[in-house]
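Beneath this line is the structure, given in structure tokens, with notes to follow.
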Amino acid sequence: IIDDGGGSALPVARRLVGLGIMPVVRLYWPEQNPGNIGQRGREAVRHYVEVGAMYFETNNEPDLDLEWKGGSKPTNWLDIVVDNFMADADIVLEEGGYPAMPAFGVGTLRDPFKTLVDRGRRDILDGGAWAALHNYCLARPLEYPNDSINVHGEPAITEEEWHAAGGRWAWEIGWKEVNKARKELTNPDADIMTDATCFRAFEQLNAYIVRAAGHSIPILTTEGGYNVAQRAGTTAGDDPRYPKPTPQATGQLNLEMFEFMQGDREVLGKKVPDYYFAMMPWLIAAQRIDVFAAPAENQGPWFTHKYDEEWGLNGELPVVQMLRDLPSRVRQDGPLAPPWQKVPNSDTLGRNWDYRLNFLGQGVKLEPLGEFSAAATGPRWELAEARWLGVEEAAGASQIFVRALDIDGNPLENAAFVVARPGAEDPVVTKGPIDGYWGNYTMYGMLGTYTVRMTEGGHPSEQVSGIGLGSEEVPNAWTNTAFRLTFQMVEEETETVVLTPVDETPEPAGPEEPTLPPPDEEDPEIPPEPEAITLHQALVEATQSHLAARSPRGKYYRYAREHGLGRRRSQDFSFEHAGIKYTAQAFETGIVYAPGGGGDEVTHIEYED
């Protein structure tokens, strides 16, 4: 993910860490050479490490003129780049992160690692540095430059194969010209150390590192992979031997690349080396995530409408579904860094819990009933919905708004709730219809100051803690923000238990002889058995006659809450399928059910479109 050098991508990093995905952060701004990340970058790195982002790339392709002020690099550019890397690496390491020797442009044969060691700073390579790599595959096979086309000029293709790969769009020349180019451009002495314009550039980079430091360091690809229409060197293509990838071919090539990364595929008889940590190909999206940089939309983003009309797609490349279908396998596992050992806040209410609450301050939390467990009988208050209003949404408000619903979902006027703060508890009541039944309490403390719970009727209540003023980006500021919390009264119910009658008829002493029908000239016509239906269909059909706006309560309701299935839409009921009796209950997004009386076998299905 790209950061402007001051923490601009922190919200994205928090969400990725919450999903168990390690962000690699590139601190980047146009023409950033010569220079280093400085104090502003140090503070950004510190905040990223706090949320669990550990890897940092502080420069980008400094071998290219366009990355230098004035659009031209000096003759001693490599020395300048290494000097600034040393400054950045010291900052990142001091803050607890891992710094990257910056990636050069595709195929660049310059060695910054030797220069670093010559400067007397091998300690950086020994103590936490990694190497960034931009190994665009450029439509060449994973084996390049040692594939049969490059080394032997084979195989020759047929006209049918030329069409199947994309015809004139993919090749830009005829099939006979392709075969001619394959013969003329053979390179029997091909070697990765002299031609790394391909996927296997990690081998060349590792050779530089080992030569300088005596050991490997982690290599992570921060740009690379296969892109739609990209062929050796440019998007227009200047290597006529390989076809520019169509969207479908791009998916297949990337799939094979990721199979290699997972250790499930070999390249030239070798599996992925341990030092090659990650492949993060360019580019997930541009316009689809509101980045309106024209060149980026032409660089083969995975989520795009660019190829919809021409290739019959619908907003995403085939590679997306291919990777969804690819079983994931962990190559290595090791100890987690401290920020990754934190248990993330759960979205207890599913879509009724504003996910942004998890990232405010130390996290706004829904706390259970405490001594009043979910199994307690009698009425109690449970949180039904929680929303946060940011600065623009709050429109100047700085209140906690609370609404209370009765068992049937009707809003209550003058329902009591309390807002607790350090050393005090302030009683508040909900208002009437003119205010939408929202009670309100003005906040003056910052995030983490307030806890809210219902007190109406003296019934136990869930509570929401960690509330206060401030935003995700600036948690310690008196910015005008607001919260909307809806509580609902629920009651415990008696579970429906379906008992299967026991057949007490004594068994016969021995097996009875089967009675066979008398032979007929022609067997009577046997009516066909009705077409069997699935349990899913039986559940949906059985549910229809039980739909009702009832209060949410009971064991199945608690299961639905834990799995984010929304509010209750029926009473519990029983039905039979394939000789087994079930009990079930319908909710907004699915049906909870269990065989017999339930026990520990409670599960659910979700509705189909």
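A few remarks follow.
- Amide H contacts of L389: A482, F483, R484, each under 5 Å away and 5 or more positions distant or on a separate chain (H built 1.01 Å from N in the peptide plane; Pro and chain starts excluded).
- Taking all protein chains as they are arranged and a probe of 1.4 Å, the heavy atoms of L220 leave approximately 10 Å² accessible to solvent.
- Within a straight-line Cα-Cα reach of under 20 Å, K555 can be paired with the following lysines, leaving aside sequence neighbours fewer than 8 residues apart in one chain: K581.
- Dipole-positive endmost among A337, V464, A586 within the chain (Cβ charges, Cα centre): A337
- Using θ = phi - 60° and Karplus 6.51 cos²θ - 1.76 cosθ + 1.60, couplings along the range 37-43 (whole Hz; Gly, Pro as x): 6, x, 5, 4, x, 4, 5
- Span from the the range 247-278 Cα centroid across to the the range 115-182 one, whole angstrom: 14
- Since only N76, P112, I21 are under comparison, the one whose Cα sits farthest along the positive direction of the charge dipole of the chain, derived from C-beta charges on Lys, Arg, Asp and Glu, is N76.
- For A384, the residues whose amide H sits under 5 Å from its own are T486, F487, Q488, ignoring neighbours fewer than 5 places away on the same chain, with H placed 1.01 Å from N.
- Loop GluC sites (Glu not before Pro), the range 1-100, which have at most 10 other Cβ atoms in a 10 Å radius of their Cβ (DSSP): none
- As a fraction of the 1.4 Å probe accessible area of the chain, surface on carbon and sulfur atoms comes out at 52 percent.
- The calculated P(r) of the chain, using every Cα pair and 20 Å bins from 0, goes 15, 36, 31, 16, 2, 0 in percent.
- Converting phi to 3J(HN,Hα) with the Karplus coefficients 6.51, -1.76 and 1.60 and the offset θ = phi - 60°, the range 435-449 yields 9, x, 6, 8, x, 9, 9, 7, 8, 10, x, 7, 3, x, 7 Hz in sequence order, with x at every glycine or proline.
- Per-residue SASA entry for E154, accessible area with 1.4 Å probe, Å² rounded to 10: 100
- Approximate spin-label separation R15-T479, in nm, with each point projected 7 Å along Cα-to-Cβ: 1.6
- Ligands, DNA and RNA excluded, the heavy atoms of D65 present near 70 Å² of accessible surface to a 1.4 Å solvent probe.
- Each stretch of four or more DSSP H residues adds -39500 (n - 2.57); spread over every residue of the chain, this sum gives -6500 deg cm²/dmol at 222 nm.
- Dipole size of the range 252-344 about its Cα centre, with +1 on Lys/Arg Cβ and -1 on Asp/Glu Cβ: approximately 440 debye, rounded to the nearest 20.
- Quick note on the range 420-462: its Rg to Rh ratio, both from C-alpha atoms and Rh being the Kirkwood radius, is 0.99.
- Point-charge dipole on Cβ atoms (K/R +1, D/E -1) for the chain, about Cα centre, debye to 20: 3060
- Here K365 and E601 are evaluated by their C-beta separation; at R0 = 30 Å the FRET efficiency comes out at 0.45.
- Of K271/K342; K114/K342; K73/K114; K176/K306, pairs whose Cα-Cα distance is over 29 Å: K271/K342; K114/K342; K176/K306
- Using the 1.4 Å probe convention, the accessible area of the chain works out to 51 Å² per residue with neighbouring protein chains retained.
The values are calculated or read from the model by the stated rules, or taken from the named source; none is laboratory data. Predicted, not measured: the structure shown is a model, and the values here were computed from it. So basically every Cβ, Gly included, is an ideal-geometry build from the backbone, and we count neighbours across all protein chains shown. Calculation scope for accessible area: heavy atoms of the full protein, side chains included, ligands and nucleic acids excluded. Shrake-Rupley method; radii C 1.70, N 1.55, O 1.52, S 1.80 Å.
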